[in-house]
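The structure under discussion appears below in the form of structure tokens.
The values are calculated or read from the model by the stated rules, or taken from the named source; none is laboratory data. The structure presented is a predicted model; accordingly, all values stated were derived computationally and were not measured. When we count neighbours, we look across all protein chains shown, and the Cβ atoms used for this are built from the backbone with ideal geometry, even at glycine. Side chains included, ligands, DNA and RNA excluded: accessible areas come from the protein's heavy atoms. Shrake-Rupley method; radii C 1.70, N 1.55, O 1.52, S 1.80 Å.
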Amino acid sequence: MKLTKKSHACVRLEKDGRTLVIDPGTFSEEDAAVGAEAILVTHEHLDHFNEDRLRAGMEANPAAEIWTLRSVAETISTAFPGRVHTVGHGDTFTAAGFDVQVHGELHAVIHPDIPRITNVGYLIDGGKVFHPGDALTVPGRPVETLMLPVMAPWNKIAEVIDYVREVKPRRAYDIHDALLTDLARPIYDNQIGALGGAEHLRLASGASADL
């Protein structure tokens, strides 16, 4: 499996000539979903869900399909009848040849005064990759590669470190990093790497790794 990091929370997975993209949001490249056979969206926030990005991917490939939670599906399903699937915690499906399990129900708490929205994470190919969206969801299954939301308005580094410890992945790659400055990156690298208990890695946007 080939992992390509796109900007912020978006990642691209390729296997056997087929492509799956997760969370092509506003902070991601305009063509982040182009070429994908399957697109997964974790929740409705603009940095994870951008309708123009989805439309570009769906129009570029008439066979492309979207799997997402209800709030996003209701926004985009009319434009692509029969190609948008609503999922929730506990669901399983196959998309672009990848086996996907859905984990989680709620977005992390941003502030007690802000109502929590729905958020789902996607466990790919039995734990080869887990993308939690905007929540520190523990899937309760072995995870080889954790896509780690490293910096967000709703988290702090102690929570990020404890999340890595709880999931116990073989490796963790940074995502949700558009707000993290280059000046701060070494601090995060050192602390998560030293304390998380797993190999901590990051990719520049557009860079790839074989899993």
Subject >> Scope region 160-187; condition closer than 21 Å to D47 by Cα and either buried (at least 18 other Cβ atoms within 10 Å of the Cβ) or charged (D, E, K, R) (or both); matching residues >> reply: V160, A172, Y173, D174, I175, H176, D177, D182, R185
Original post:
Given A64, A56, A79, A95, which one is modelled with pLDDT under 95 and more than 25 Å from A108 (Cα to Cα)?
Top reply: A79
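Would you call E199 open to solvent by 60 Å² or more (accessible area, probe 1.4 Å) and either in contact with a Lys or Arg (Cβ under 6 Å, 6 or more places away or on another chain) or at positive phi (or both)?
Details: open to solvent by 60 Å² or more (accessible area, probe 1.4 Å): yes; either in contact with a Lys or Arg (Cβ under 6 Å, 6 or more places away or on another chain) or at positive phi (or both): yes.
Yes: the conditions hold for E199.
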Original post:
Could we say that V34 is within 25 Å of W154 (Cα to Cα) and of a type in the set (V, I, T) here?
Top reply: no
**OP:** Exactly one condition in (1) more than 23 Å from D162 (Cα to Cα); (2) within 14 Å of the chain's Cα centre (by Cα); (3) open to solvent by less than 10 Å² (accessible area, probe 1.4 Å) is not met by V102; state its number.
**Re:** (1)
Subject >> Lone unmet requirement of (1) under 29 Å from V87 (Cα atoms); (2) touching a Pro at 6+ places or on another chain (Cβ under 9 Å) for R171 >> reply: (2)
**OP:** Filter region 1-54 down to the residues that are in a helix (DSSP H, G or I) and open to solvent by 50 Å² or more (accessible area, probe 1.4 Å), then identify the one that is nearest to L69 (Cα to Cα).
**Re:** E51
Original post:
List, please: which pairs have Cβ atoms under 8 Å, are six or more places apart or on different chains, and start with a residue in region 82-110 that is in contact (Cβ under 8 Å) with a residue 60 or more places away in the chain and end with one that is surrounded by fewer than 16 Cβ atoms within 10 Å (Cβ to Cβ) and not in a strand (DSSP E or B)?
Top reply: G97/D16; H107/R116; H107/I117
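Filtering region 62-73 down to residues that are within 14 Å of T42 (Cα to Cα) and not aliphatic (A, V, I, L, M), which residue is most open to solvent (accessible area, probe 1.4 Å)?
Looking at residues that are within 14 Å of T42 (Cα to Cα) and not aliphatic (A, V, I, L, M), I get R70.
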**OP:** Show the residue pairs that are 6+ apart or on different chains and have beta-carbon atoms under 8 Å apart, the first residue being within region 191-207 and within 17 Å of E144 (Cβ to Cβ), the second being open to solvent by 70 Å² or more (accessible area, probe 1.4 Å) and of a type outside the set (G, A, S).
**Re:** G196/R165; G197/R165; G197/K168; A198/K168; A198/R170; E199/R170
Subject >> Residue that is closer than 29 Å to E199 by Cβ, open to solvent by 40 Å² or more (accessible area, probe 1.4 Å) and of a type outside the set (G, A, S), where the choices are P139, P153 >> reply: P153
